[in-house]
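This report refers to the structure that appears directly beneath it.
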């Protein structure tokens, strides 16, 4: 029932990937965990490989400088690890580093890498998968404050919003932990649970384990997943809501989106119905749960139009409404600072 | 993405279990799949071992008589298979039978049994677990009628009600299939998916695969799991509701129960709120979904009081209300026969 822990600092492996869109994990780590990223490891340095703008290290240099884990920062098309990268991973193990991957293909399924890791006493992290066993959820009240970001769809800013809130709280001197539930979040945080990868019976139990009892004023800022109104993933979302027992929720929504990203035949739920549904779900285990704000992705709009939408939405729901990319999340933090 | 299929007829293995409460699987198979149960295999026949009242066979006799699968009909305390039963399982494989188990411990985790099954070309079924991979749910409308039993808690009669409805429909000449989502149901039906054992991302996809498109008037009667209002298992329930795309639902409830069986600190949801919640959830993928009745366990009441409760509840919700143990499910079937 322990949550996996990835040792930092990281050396980010970029390999020979040329399209920056296939290096989102690397860029995400650079943006959200800069202090944990010692540098990058590229093939063909100075040539066409993606450049994260981090110091360039060889494996040996990185090990000497204190790197503890080689993180695969790229997602090749198909999610498979090219075989010509294997020797680099084995060399990393030999240099003293663990290896972490967010790819579909498991490091644990590559016999030679498993063998070398066992021989050298290193750890392989397949953060998209879940080898941990959890207890079933209890629904028992626990101490501490928890904020869960929830959404009207996948990929609407739930991770971004949670990270921004956790950082902003820390910057104002509050004790807050980001709790990761997806592979990129786990790599950023160095710990977490790929909640959609646990066995269905244990979704809420895993969420309970991820955000355990804490000091009364401590905030866990939990990364949401999926949507209660998504025909494929709502079960994951509901278990996460129940297990998280959120004191507070933030609703995330992409203003330009009319239909679900992966299921274009399904219309996006209205914000009113989303709020109503999430409150009803959350209050099963957290009777005082409430929304403290909304986080909109307004990238489809002009700056003027975006401001108007944020203002209108705030008035419509009597809640602060932000676009974290345009203006940060400070308006949400005020509410959390005086949360009762 | 195929659903596992267990070959019938069965020989039910009772071993040397003495307490009938530890042989629920065997009794369930006898009661619900009598035509598929060739007989029973007991240690110490005539002595203290549980007697299912089925013809007694040796492995060799059963194989000669056409048995295809030895089903472990008992649940020893702890859910582990006693080591002194292993030789019987291996002898069954040698006699030409597959072996099916609904225990927590997996046959697949017992090396010698796995080895013998592979050598002899037999199949091992761990019906409480799920080795199949599924696609994620699509939410796309599909042909055919589907009824899902849903509940206010675990163990309120969802399997029993679904089996009774499927049997009653068949008896009236309608085409109907029972779709099993739990281990006992899978053994009874010979196929199904242990829905709480699939990886969380695939709950609704597995439910879609379990009840695929069918003729417009064909009924799939789907065994429900858990409850939308259960802090541990609601995610499983919601994914099953979405993936099943039910045309019709039956709400199952134990009249005597005030709190959740496994979580006595959680009150049972009201029938009104349950109906409202299940309808809201189901209509995401099945806009016409509606309740066609209620199924109550009134075993805590006298016959007179039970009749009164059934009558009052039927009036309260303007829906047929049955206790399937006391009076069968015929009152529900009338509504299904004229379902539009």
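No value in this document is a laboratory result; all are computed from the given coordinates. As the structure is a computational prediction, the values presented were derived from the model and not from experiment. All Cβ positions, glycine included, derive from the backbone under ideal geometry; neighbour counts span all protein chains shown.
May I ask you to report, in nm to one decimal and beginning with the shortest, the distances from residue A:131 to the same position in the other copies, taking label points 7 Å along Cα-to-Cβ?
List, nearest first: 2.1 nm.
On the first, second and third principal axes, largest extent first, how far apart are the outermost C-alpha atoms of region A:207-340 in Å?
Cα spread of region A:207-340 along its principal axes, largest to smallest: 43, 37, 21 Å.
Tell me the angle of helix A:158-171 to the major Cα principal axis of chain A, expressed in degrees between 0 and 90 and rounded to the nearest ten.
Roughly 90 degrees, rounded to the nearest 10.
For peptide A:224-232, how many partner chain Cβ atoms fall within 10 Å of a residue's Cβ, on average? Intermediate results must be reported in sequence, preceding the final value.
On the way: counts 0, 2, 2, 0, 4, 4, 6, 14, 15.
Shielding by partners across A:224-232 averages 5.
Would you mind telling me the antiparallel percentage of the DSSP bridges in chain B, rounded to 5?
The antiparallel proportion sits near 5 percent.
As a test of the formula, what do you get for chain B when each DSSP H run with n ≥ 4 contributes -39,500 (n - 2.57) and the sum is divided by the residue count, at 222 nm and rounded to the nearest 500 deg cm²/dmol?
-9500 deg cm²/dmol
Where does each of A:309, A:14, B:269 land when they are ranked from fewest to most other beta-carbon atoms within 10 angstrom?
A:309, B:269, A:14
In peptide A:238-247, how many Cβ atoms from other protein chains are near each Cβ within 10 Å, on average?
For peptide A:238-247, the averaged partner shielding equals 4.
Share of antiparallel DSSP beta bridges in the protein assembly as shown, in percent to the nearest 5?
Antiparallel: roughly 10 percent of the beta bridges in the protein assembly as shown.
Indicate, rounded to the nearest 5 percent, the antiparallel portion of the DSSP beta bridges found entirely in region A:145-337.
Among the beta bridges of region A:145-337, antiparallel pairing accounts for roughly 5 percent.
Along its principal axes, what span do the Cα atoms of the protein assembly as shown show, with the longest given first and each in whole Å?
79, 60, 47
Please arrange A:25, B:237 by counting, for each residue, the other beta carbons lying within 10 Å of its beta carbon, fewest first.
Values: A:25 25, B:237 29.
Fewest-to-most Cβ neighbours within 10 Å comes out as A:25, B:237.
Can you tell me the relative contact order of region A:145-337? Whole percent, Cα pairs under 8 Å, sequence separation 6 or more.
Computed value for region A:145-337: 26 percent relative contact order.
Hey, rough spin-label estimate for residue A:312 and residue B:288, points 7 angstrom out along Cα→Cβ, what's it come to in nanometres?
Output for this residue pair reads 3.6 nm.
Per q in 0.12, 0.14, 0.19 1/Å, what log10 I(q)/I(0) does a Debye calculation on the alpha-carbon atoms of region A:70-181 return?
Normalising to I(0) and taking log10 leaves -0.65, -0.82, -1.05.
Take residue A:300, project a point 7 Å from its Cα along the Cβ direction, then tell me which residues of region A:223-267 have their backbone nitrogen under 16 Å from it.
Only A:252-267 fall inside the zone, counting backbone N under 16 Å.
Below 8 Å, C-alpha to C-alpha, sequence gap of six or more: please give me the relative contact order for region B:1-82 in percent.
Dividing the mean separation by the residue count of region B:1-82 yields 44 percent.
From the label point of residue A:273, set 7 Å from Cα along Cα→Cβ, how far away are the matching label points in the other copies, in nm, ordered shortest to longest?
2.2
Hey, if you drop one equal point scatterer on each alpha-carbon of region B:4-126 and run the Debye formula without solvent, what base-10 log of I(q)/I(0) do you get at q = 0.15, 0.17, 0.22, 0.23 Å⁻¹?
Scattering profile of region B:4-126, log10 relative to I(0): -0.59, -0.78, -1.38, -1.52.
Given R₀ = 45 Å, FRET efficiency for residue A:91-residue A:258 by Cβ-Cβ distance, to 0.05?
That pair, residue A:91 with residue A:258, gives E of 0.40.
Using only the alpha-carbon atoms of chain A, report the extent along each of the three principal axes, biggest first, to the nearest angstrom.
That works out to 56, 47, 44 Å along the principal axes.
Starting with the fewest neighbours, write out B:161, B:133 ranked by other beta-carbon atoms found within 10 Å of each beta-carbon. It would help to have the intermediate numbers written out before the result.
On the way: B:161 31, B:133 12.
So the residues, fewest neighbours to most, are B:133, B:161.
Taking a label point 7 Å out from Cα toward Cβ, give me the nm distances from residue B:338 to the same spot in the other copies, shortest first, one decimal.
6.1
Once both axes come from the Cα atoms, what is the angle between helix A:111-120 and the longest principal axis of chain A, in degrees from 0 to 90, rounded to 10?
80 degrees
At 7 Å along Cα-to-Cβ for each site, give me the label-to-label distance between residue B:120 and residue B:5 in nm.
In this crude spin-label approximation the distance works out to 2.2 nm.
Specify the residue with the greatest mean-square fluctuation among A:144, A:182, A:239, computed from a Gaussian network of chain A linking alpha-carbon atoms under 10 Å apart.
Looking only at A:144, A:182, A:239, the biggest GNM fluctuation is shown by A:144.
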